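The values are calculated or read from the model by the stated rules, or taken from the named source; none is laboratory data. Remember, it's a predicted structure, so these values are computed and weren't measured experimentally. Positions of Cβ are backbone-derived with ideal geometry, glycine not excepted, and every protein chain shown enters the neighbour counts. We work out accessible area using only protein heavy atoms, side chains counted, and drop any ligands, DNA or RNA first. Shrake-Rupley method; radii C 1.70, N 1.55, O 1.52, S 1.80 Å.
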Amino acid sequence: MGFEALELLRGLHVTQEYPRHWHEEIYLCATLGGASYLDCLGTSLQTRPGTLAMVAPGDVHANRKIGCSFRCLLMGLHALQKAVEQFAEQSIRGLSFRSGLIEDQRTLGRFLKVHRAMEEAEPDLGREDIAFFFLHELAVRHGTASTPLPRSGNEDFAVRRTKRFLDEHYAERVSLHELARLAGLSAYHLNRTFRRKIGMPPHEYQVQVRIIKAKSFLRLGRSISETVSLVGFVDQSHFTRHFKRSVGVTPGKFLQ
């Protein structure tokens, strides 16, 4: 799936009325603050903070925002179905969605994680994992079609080979599809299998390897800026955020 199929929108304290219209894409909008109202299919809904509004392609709707902070995502249904089918490695007949409110904190949390990852241009390996996992879960939990669970099997060799590659090439930027070619599995099959057998997806594993290597470099007297380059983080703030989350202190505190 190409991420050009996604359109991201974000607003802060927006007051605006949107007249009746419709989208070719599926529309998802999380209300984070303020007031928002959605009129769709003869029903008027208040989209309170902590809810996720979903409008199916072609459904006419209008909405009104008053001091509203929000994050929205639009995605073509064909691209979404293709992504879910690739993730599950099975065909899905008649995938569709019903317009309305999703008051499911798990789905909302994953939606916000996807939106932020796309906006902040996280490395490809992490973005792909987050996006595909969310889209499959959205189809399973909130779609109208019967969505199959991913297939599983004996993939120990593929996981060992992927793990060894990430251990040796921790500083390189690598995509999930590149790892899949190395392992001889589809990208989605590899991602699920690696997560199940190792306990985290490939991108999180690579980040952990980078942090472990970074601690070694810092102990050897390398500067923080030098260490950032050696372990493959895009910048120092990105490195510091992951380091603190993993180690519990900033790199500067670690050196002290």
Original post:
So what is the accessible area of region 180-230 per residue, in Å², with the probe set to 1.4 Å?
Top reply: 47 Å²
Original post:
Which value in nm describes the separation of the simple spin-label points at Arg196 and Ser91, placed 7 Å from the Cα toward the beta carbon?
Top reply: 2.4 nm
Subject >> Cysteines not pairable in the chain (beta carbon separation under 4.7 Å absent) >> reply: Cys40, Cys68
Original post:
At Leu32 and Ile212, where each label point lies 7 Å from the Cα along Cα→Cβ, what is the point-to-point distance in nanometres?
Top reply: 3.5 nm
Subject >> Highest to lowest packing among 23-35, 55-67, scored as the average C-beta count within 10 Å >> reply: 23-35, 55-67
Subject >> Net +/- balance of residues flanking Tyr27 in space, Cβ distance below 11 Å, scoring K and R +1, D and E -1 >> reply: -4
Subject >> Local electrostatic count at Lys197 - Lys and Arg +1, Asp and Glu -1, tallied over other residues with Cβ under 13 Å >> reply: +4
**OP:** Treat the chain as a sphere of radius equal to its Kirkwood radius over Cα pairs and apply Stokes-Einstein at 37 °C in a medium of 0.692 mPa s; give the translational diffusion coefficient in µm²/s, rounded to a whole number.
**Re:** 163 µm²/s
Subject >> Neighbourhood net charge (11 Å Cβ-Cβ; Lys/Arg +1, Asp/Glu -1) for Leu255 >> reply: +4
Original post:
Within the accessible area of region 170-256, what % is carbon and sulfur when the probe is 1.4 Å and the other protein chains stay in place?
Top reply: 50 percent
Subject >> Karplus-derived HN-Hα couplings along region 70-83 (A = 6.51, B = -1.76, C = 1.60, θ = phi - 60°), whole Hz, x at Gly and Pro >> reply: 7, 9, 10, 9, 10, 8, x, 5, 5, 5, 5, 4, 4, 5
**OP:** Would you mind putting 41-49, 6-14 in packing order, based on average other-beta-carbon counts within 10 Å, highest first?
**Re:** 6-14, 41-49
Subject >> Among the listed pairs Lys65/Lys113; Lys213/Lys244; Lys82/Lys244, those beyond 26 Å (Cα-Cα) >> reply: Lys82/Lys244
Subject >> Whole-Hz ³J(HN,Hα) from phi, Karplus 6.51 cos²θ - 1.76 cosθ + 1.60, for region 50-63, glycine and proline x >> reply: x, 10, 10, 8, 10, 10, 6, x, x, 6, 6, 8, 9, 9
Original post:
What 222 nm value per residue comes from the helices of the chain, counting each DSSP H run with n ≥ 4 as -39,500 (n - 2.57) and dividing by all residues, nearest 500 deg cm²/dmol?
Top reply: -15000 deg cm²/dmol
